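K.L.:
Please find one structure pasted underneath; my questions will follow.
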Amino acid sequence: MSESMTLPLHMRRAEFDPAAELAAVRDEEGVRKVRTVFGVDGWLITRFADVRAVLGDAERFSNAHQMVFRIPGMPQRTDEEIAELRAGNLLAFDPPEHTRLRRMLTPEFTVRRMRRLEPRIHDIVTEHLDAMERTGPPADLVTDFALPIPSLVICELLGVPYDDRADFQRRSGRMLDLSLPPQERAAASLESRVYMGELVARAKTDPGDDLLGMLVREHGEDLTPAELAGIGSLLLLAGHETTSNMLSLGTLALLRNPEQLELLRKEPERIDAAVEELLRWLSIVHSGMTKVTTTDVEVAGQHIPAGEIVICALPAANRDPALAADPDRLDIGRDSLGHVAFGHGVHHCLGAPLARMEMRVAFPALLQRFPGLREAGPEPAFRSFNVVYGLSSFKVAW
Amino acid sequence: MSEEQKPVRIRADRDVCIGAGMCVMTAEQIFDQDDDGVVVLLEPEPPAEHADLARRAVRACPSGALSLVED
């Protein structure tokens with residue numbers, strides 16, 4: 001990480017907690033002008049009600065005006081190049097273009113579809129626990145459990161060869177690492193599209209039962225190759241980086257809150273509530289996509305002109321006393337369903353039902369297999385300069 | 001009668017729905033998803049004991065497709 005870069009306020013954390021200064025913004029003025037990682041200014045929204053309102057208003061807060069293509073130090077791209085880079089990336093569109101793409105994908109992520117996946121997720125979790133047990137402690141929970149499980153699940157769901165994981169995990173790492181120069185992150189994103197383009201071409205000649213095969217079969221006429229590659233690229237990235245960090249950071253959170261861990265061990269039926277509370281308390285996605293105002297707006301009494309960047313601080317919103325009493329406490333006994341860890345509005349995480357299913361299978365299986373699970377040292381490494389917060393390593397023993 | 005037990009009527013706008021499935025997760029007695037993932041209202045006027053669940057589901061809906069019809 002370059003020493004000269006400072007972490008934007010909404011990404012600063014002390015282990016599990018958002019920076020105290022971020023909470024102060026929420027409790028005082030509510031909205032503050034900050035310097036984004038791209039070197040331009042943006043408005044940070046911190047209160048639960050305001051974050052929900054902004055995320056729920058795609059008309060006035062647009063995802064489609066992607067400033068990232070016009071950031072200082074980046075080469076000027078032509079409109080055609082920008083269109084190619086955006087194609088199929090649901091997060092870079094507003095309705096109705098967004099709706100068109102999203103509707104093609106929702107059948108694959110229904111609650112019922114996830115239930116059908118559940119036995120396979122159980123098998124994948126069991127295989128990885130078996131491998132950890134065979135090798136014996138210590139293990140790195142990130143590389144032996146948290147990362148491979150969601151990676152394998154999303155590979156099977158999409159139709160991506162799992163043998164390619166070293167390459168795509170490295171690319172994902174570069175795409176999300178905010179300490180890298182923007183050019184390098186953009187290059188990784190392009191490489192991912194090229195790779196996915198090859199898989200799409202293969203699916204076009206021989207569409208399988210997976211998601212890429214379904215898209216080719218059912219929407220092959222409506223989607224350009226660039227759109228197909230963009231959709232695949234986004235789902236692959238989002239499908240493993242997020243759940244992976246919830247699994248590692250969530251396990252550490254439970255180990256460091258032994259009374260909560262004990263409660264979950266004693267009453268395993270609390271797993272759904274525990275998953276929601278961990279999502280709320282950890283808020284591993286700092287902000288999701290930045291938005292651009294399409295008109296003059298007012299948020300928390302602050303006037304924001306049209307054409308300005310707006311960033312929603314999800315950890316601040318999820319620790320807002322307006323959402324939960326005693327919000328800084330991890331409490332799996334509470335009802336935290338309304339949290340915004342998956343966002344809100346039309347861009348609410350498409351994969352949320354999958355992520356929930358993976359967690360409700362993986363956490364209990366891990367805790368059951370290793371009743372003596374503990375930190376083995378050295379200290380787990382928190383990763384900060386990243387689109388997704390989490391752990392880069394976490395040594396455990398049992 | 002407490003707020004929770006007052007009967008409610010639910011409206012679902014299938015054009016606005018993004019298929020997030022939050023309603024099914026919250027109250028599968030009241031909501032379902034069709035094969036396209038779009039919301040299906042099983043109980044537009046859920047019995048009083050499910051009124052609280054219905055309210056929770058409406059609040060949880062990310063797209064704003066669900067609303068309560070006040071009498």
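The values are calculated or read from the model by the stated rules, or taken from the named source; none is laboratory data. Predicted model only: the values in this text are computed from it and were never measured. Glycine also receives a Cβ, built like all others from the backbone with ideal geometry; neighbour counts cover every protein chain displayed.
K.L.:
Taking the condition of being under 24 Å from A:L323 (Cα atoms) and either under 9 Å from the mean Cα position of the chain (by Cα) or not small (G, A, S) (or both), how many residues in the range B:38-59 meet it?
P.N.:
Here the count works out to 9.
Table: residues versus (1) among the acidic types (D, E); (2) touching a residue at least 24 places away in the same chain (Cβ under 8 Å).
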site	(1), (2)
A:E15	yes, yes
A:A24	no, no
A:R32	no, no
A:G39	no, yes
A:L44	no, yes
A:R102	no, yes
A:V111	no, yes
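K.L.:
Would you mind finding the one in A:L91, A:L141 that is closer than 30 Å to B:D15 by Cα and either surrounded by 19 or more Cβ atoms within 10 Å (Cβ to Cβ) or not basic (K, R) (or both)?
P.N.:
Selected residue: A:L91, the only one of A:L91, A:L141 that is closer than 30 Å to B:D15 by Cα and either surrounded by 19 or more Cβ atoms within 10 Å (Cβ to Cβ) or not basic (K, R) (or both).
K.L.:
Looking at B:A12, is it at pLDDT below 95 and closer than 20 Å to A:T106 by Cβ?
P.N.:
No; evaluated as a whole, the condition is false for this residue.
K.L.:
Right, another one. Could you run through the range A:3-62 and say how many residues are modelled with pLDDT under 90, touching a strand residue (DSSP E or B) at 6+ places or on another chain (Cβ under 9 Å) and either buried (at least 18 other Cβ atoms within 10 Å of the Cβ) or closer than 18 Å to A:G343 by Cβ (or both)?
P.N.:
3
K.L.:
Here's something else I'd like to know. Return the residues of the range A:174-193 that are part of a helix (DSSP H, G or I) and either among the aliphatic types (A, V, I, L, M) or touching a residue at least 40 places away in the same chain (Cβ under 8 Å) (or both); say none if nothing qualifies.
P.N.:
Within the range A:174-193, A:M175, A:L176, A:P182, A:Q183, A:A186, A:A187, A:A188, A:S189, A:L190, A:S192, A:R193 meet the criteria.
Results for (1) under 29 Å from A:D123 (Cα atoms); (2) within 10 Å of chain B (Cβ to nearest Cβ); (3) among the basic types (K, R); (4) assigned to a helix (DSSP H, G or I), shown as yes or no for each residue.
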residue: A:A325; (1), (2), (3), (4): no, no, no, no
residue: A:R329; (1), (2), (3), (4): no, no, yes, no
residue: A:I332; (1), (2), (3), (4): yes, no, no, no
residue: A:D335; (1), (2), (3), (4): no, yes, no, no
residue: A:F342; (1), (2), (3), (4): yes, yes, no, no
residue: A:L350; (1), (2), (3), (4): yes, yes, no, no
residue: A:M357; (1), (2), (3), (4): yes, no, no, yes
residue: A:V361; (1), (2), (3), (4): yes, no, no, yes
residue: A:P364; (1), (2), (3), (4): yes, no, no, yes
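K.L.:
Can you pull out the helices (runs of 4 or more DSSP H) entirely within the range A:76-136 that have at least 2 residues that are closer than 29 Å to A:A188 by Cβ and within 14 Å of another protein chain (Cβ to nearest Cβ)?
P.N.:
Here the list reads A:97-105.
K.L.:
May I ask you to verify whether A:V160 is in a loop (DSSP other than H, G, I, E, B) and closer than 17 Å to A:S233 by Cα?
P.N.:
Yes.
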